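What follows is one structure encoded as structure tokens, with my remarks underneath.
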Amino acid sequence: MSFIGKEIGDFAVQAFADGEFKEVKKADVLGRWSVFFFYPADFTFVCPTELEDLADRYEEFQEIGCEIYSVSCDSHFVHKAWHDASDTIKKIHYPMLADPTGRLTRDFDVMIESDGMAERASFIVNPEGRIVAYEVIAGNVGRNADELLRRVKASQFVAEHGDQVCPAKWQPGAETLKPSLDLVGLL
């Protein structure tokens, strides 16, 4: 089953961001591009490498009007404790969403029920709250913020220029493809 075009469900969760606890709701997500970056757990091994990679690119995501929301089933208190204990996690300025009940994780269908943790998954959500791209990968393989940023930019481009598509490795300013009308149904 594909999640492309699925509207994200209503939610309200606690978050840790820039040294403070705050609530993040679906209404906060609407009106701008978002990335929901699910990861298994705080105080682990692969997760901080990914979260740091995103932190290093966060300003670039912000420049294109995209907010990052990292999500795990840990509480906002655990996010703060990890932030306080780790120089790597101290670099994070995007909201770290707490999903201890797993409601958000289940809405995105990435809950590993037997472990009570999220899969390693990324979702790009458009300003209308609909999923336009996602990936779910094995827990032992880290993701790349550069590629995620490229996919957000490509998703924004095709949303603005609906008659064009972005080929592999497309970067802003590069040529796009304009499918002929008889091939549009095959995309």
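General observations
- Residue match in region 104-112 (condition: modelled with pLDDT of 95 or more, under 16 Å from F61 (Cβ atoms) and in contact with a helix residue (DSSP H, G or I) (Cβ under 9 Å, 6 or more places away or on another chain)): no
- Taking each residue of region 140-157 that is among the acidic types (D, E) and looking for partners that are not in a loop (DSSP other than H, G, I, E, B) with beta-carbon atoms closer than 9 Å, six or more apart or interchain, yields D146/D53; D146/R57.
- Selection count, region 13-22, where residues are of a type outside the set (A, V, I, L, M) and either closer than 14 Å to R103 by Cβ or touching a Leu at 6+ places or on another chain (Cβ under 8 Å) (or both): 1
- Residue in region 83-101 that is within 17 Å of E147 (Cα to Cα), at pLDDT 95 or above and not small (G, A, S) present: no
- For region 25-41, a tally of residues being in contact (Cβ under 8 Å) with a residue 24 or more places away in the chain and over 12 Å from the mean Cα position of the chain (by Cα) returns 6.
- Residues of region 1-34 classified as in contact with a Lys or Arg (Cβ under 9 Å, 6 or more places away or on another chain), open to solvent by less than 60 Å² (accessible area, probe 1.4 Å) and among the β-branched types (V, I, T), total: 2
- Condition met for V46 (open to solvent by 10 Å² or more (accessible area, probe 1.4 Å), more than 12 Å from the chain's Cα centre (by Cα), within 14 Å of A121 (Cβ to Cβ) and not acidic (D, E)): yes
- Y39 being at pLDDT 95 or above and open to solvent by less than 10 Å² (accessible area, probe 1.4 Å): yes
- For region 52-64, the criterion of being open to solvent by less than 10 Å² (accessible area, probe 1.4 Å) and farther than 30 Å from A159 by Cα is satisfied by no residue at all.
- Taking region 56-131 as the region of interest, none of the strands (runs of 3 or more DSSP E) fully inside it holds 3 or more residues being among the basic types (K, R) and without any contact (Cβ under 8 Å) to a residue 12 or more places away in the chain.
The values are calculated or read from the model by the stated rules, or taken from the named source; none is laboratory data. Bear in mind the structure is a predicted one, so any value in this text is a computation, not a measurement. Note that each Cβ is placed from the backbone with ideal geometry, even for glycine, and that neighbours are counted across all protein chains shown. These area figures cover heavy atoms from the full protein model, side chains too; ligands, DNA and RNA do not enter into them. Shrake-Rupley method; radii C 1.70, N 1.55, O 1.52, S 1.80 Å.
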